[in-house]
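Below you'll find the structure, written out as structure tokens, and then a few comments.
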Amino acid sequence: MTMTDNTLNLQNRNAQHHMQSFSDFAYTKNPSATHIITRADGVYIYDSDGHKILDSMSGLWCVNMGYGQQSIIKAVNDQMKELVYYNNFFGTSHPSAIKLSEMITDLTPEGLNKIYFTGSGSEANDTMIRLVRHYWAAKGKPSKSVIISRKNAYHGSTMAGASLGGMSTMHAQGGLPIPDIEHVDQPYYFEACVEAGEKIDADEFGIKAAQSLANKIDELGEDRVAAFIAEPIQGAGGVIVPPKTYWPEVARICKERGILLVADEVICGFGRTGEWFATDYYDIQPDLMLFAKAVTSGYLPVGGVIVRDDIVDVIVSAGQEFAHGYTYSGHPTCMAAGIANLELMKETNILHQVQSNTAPYLASKWKGLEEHPLVGEARCLGMLAALEIVEDKNNYKRFENSKEIVTRCKDYCYDNGLVMRAIVNKMVIAPPLICSNEHIDEIIEKVWKCLDLTAQSIK
């Protein structure tokens, strides 16, 4: 891609003052390493050189309804004219927070009718820890304070969120994890095949992965374990879709052991699987649910914790103030974006479109990528998909320098007009729900081309 003088100017200014997220700060010495995105429309973003790029990652898993939705923009503008901001501290609320809480709880599983708003998924995870521990203390069981998560999970970047996440690279920075956070095995079927060097039974593996939770509870003692948290499908971990035996067994273990089940729906929620929540897809009955990202389609930041009624009842009975809050919890303008986004999703019947058309179409086209020599597995569920990049697909053998190779593939994708994410040894996508079949065809064509370019670079 060619670079204009304007782009070079923006890159140099960026390197002077802006510290980017999840970035090697070496870019401050190499400004041209940064992509400058200037506008977006529909499913496409445009960089400062005018290149048109299909955003198959929906921003950061969040722009489900695509860019430039005028109804959301208008709703935000109208709200800013009426009440741009007020807090919900100290016995205060406002109409937009009330309405959005009603709209969300109309979509949740039975019994989950209370919402604590935050500004992000990370804040939602922090809030969950405090709510869960406060709940058990109110029940006279303060020793039930341990939260169990999974290895390679992602639950945000705050101290608590990053602790819940099971990513070793994050734990290596900042003295993580915080106390009373434990981790168990993830239900990563393909990785288990890699370790075995052959295909193994998926159903048996699903049970085994769930049993890792039971073993950890036994090790710690039921009287110490407060909750188990997991994404129904691990997103940032690499679109890890669990075997069908996994979630029923996890739910059984939590119920039998008196452990709260927390579903992190930050990536999967609001249509990503073709259902409002992935808990609906898997028929999970969680005690708490976390959301963010797609509730507003990324137009403004909103997150939250959805809590089962009886949990709130226990906390109320304790007769104590819940000493927790954020300046922007329930921000009126952000709430307006959420209201307008959910109204748009309903008006366009987008979930039906995903279920009946685009998700099956993506799945069929995506599966065909397994014909490529570099692809060991092409998995897809709803509008989530991943490619396992391998050296030898017959023996489930990865490249020794997998991270370097997938990074190279990601760069080829960008240069050829496609945003695709590289995760250790995988390439993943989460396209906007509004994608047409033609957009999916474009994605598949560009992915295949970039896989070819990657294969050629290895030789």
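Computed from the coordinates by the stated procedures, all read-outs in this text should not be read as laboratory data. Note that the structure is predicted; figures quoted are calculated from it, not measured. Cβ coordinates were reconstructed from backbone atoms using ideal geometry, including for glycine residues, and neighbour counts include every protein chain displayed.
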Only loop residues by DSSP count here, and only those with at most 15 other Cβ atoms within 10 Å; note down the GluC sites (Glu not before Pro) in segment 185-250 that meet that.
E198
Could you check how many percent of all C-alpha pairs in segment 298-406 are farther apart than 22 Å?
64 percent
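Do any trypsin sites (Lys or Arg not before Pro) in segment 244-294 lie in a DSSP loop with no more than 11 other beta carbon atoms within 10 Å, and if so, which? Walk me through the intermediate numbers first.
On the way: sites: K244, R252, K255, R257, R272, K293; in loops: K244, R272.
Those that pass, being in a loop and sparsely packed, are K244.
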So, with +1 on the Cβ of K and R and -1 on the Cβ of D and E, and no other charges, what is the size of the charge dipole of segment 270-324 about its Cα centre, to the nearest 20 debye?
340 debye
How are the C-alpha pair distances of segment 333-459 spread across 10 Å bins, as whole percents from the shortest bin up?
13, 40, 27, 15, 5, 0
For segment 1-104, I need the span (max minus min coordinate) of the C-alpha atoms along each principal axis, in Å, sorted largest to smallest.
51, 31, 25
Find the all-direction average of the projected area of the Cα convex hull for segment 331-392, expressing the result in square nanometres with one decimal place.
5.8 nm²
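D452 to D78: FRET efficiency via 1/(1 + (r/R0)^6), r the Cβ-Cβ distance, R0 45 Å, to the nearest 0.05? If you can, show how the numbers build up before the last one.
Values: r = 49 Å, r/R0 = 1.08.
Efficiency, rounded to the nearest 0.05: 0.40.
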For segment 156-292, the spread of Cα positions along each principal axis, largest first, Å:
38, 35, 32
Reachable lysines, given that their alpha-carbon falls under 25 Å from the alpha-carbon of K74 and they are not under 8 places away in the same chain
K99, K293, K346
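Given the DSSP H assignment, sum -39500 (n - 2.57) over each helix run of at least 4 residues in the chain and divide by its residue total; what's the result at 222 nm in deg cm²/dmol, nearest 500?
Details: 17 runs with 187 residues, N = 459.
Computed mean residue ellipticity for the chain: -12500 deg cm²/dmol.
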What is the distance, in nm, between label points placed 7 Å from the Cα along the Cα-to-Cβ direction at Y85 and at T169?
3.4 nm
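Antiparallel versus total DSSP beta bridges in the chain: what percent is that, nearest 5?
On the way: 33 of 49 bridges.
Looking only at bridges with both residues in the chain, the antiparallel portion is about 65 percent.
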Quick one: dipole size for the chain, taken about the Cα centre, charges +1 on Lys/Arg Cβ and -1 on Asp/Glu Cβ, in debye to the nearest 20.
660 debye
Starting from the Cα of E198, move 7 Å in the Cα-to-Cβ direction to define the label point; list residues of segment 369-406 whose amide nitrogen is under 17 Å from there.
393-397
Lysine pairs in segment 151-268 with Cα atoms under 19 Å, if 8 or more residues apart or on separate chains
9
By a straight-distance test (C-alpha under 19 Å), which lysines pair with K410 as possible cross-link partners, with residues fewer than eight away in the same chain excluded?
K52, K426, K446, K449, K459
Note down the nm distance, to one decimal, between modelled labels 7 Å out along Cα→Cβ at E219 and at V424.
1.8 nm
Modelled label-to-label distance, N12 and K141, 7 Å Cα→beta-carbon offset: nm?
6.3 nm
In percent, what relative contact order does segment 70-347 have, based on Cα pairs under 8 Å that are 6 or more apart in sequence?
29 percent
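Between N395 and D49, take the C-beta separation as r, use R0 = 56 Å, and let me know the FRET efficiency to the nearest 0.05. Mind dumping the intermediate values first?
Values: r = 43 Å, r/R0 = 0.76.
E(calc), rounded to 0.05, equals 0.85.
For segment 330-410, which GluC sites (Glu not before Pro) are in a loop by DSSP, counting at most 15 other Cβ atoms within 10 Å? All intermediate terms of the calculation are to be shown ahead of the outcome.
Working: sites: E343, E347, E370, E371, E377, E388, E391, E400, E404; in loops: E391, E400.
Answer by residue number: E400.
With a ≥ b ≥ c taken as the square roots of the eigenvalues of the C-alpha gyration tensor of segment 306-355, please select rounded if a/c is under 1.5 and otherwise prolate if a/b is larger than b/c or oblate if it is not? Display every interim value, and only then the final one.
Working: a/c = 4.73, a/b = 1.88, b/c = 2.52.
It is oblate, given that a/c is not under 1.5 and a/b is not larger than b/c.
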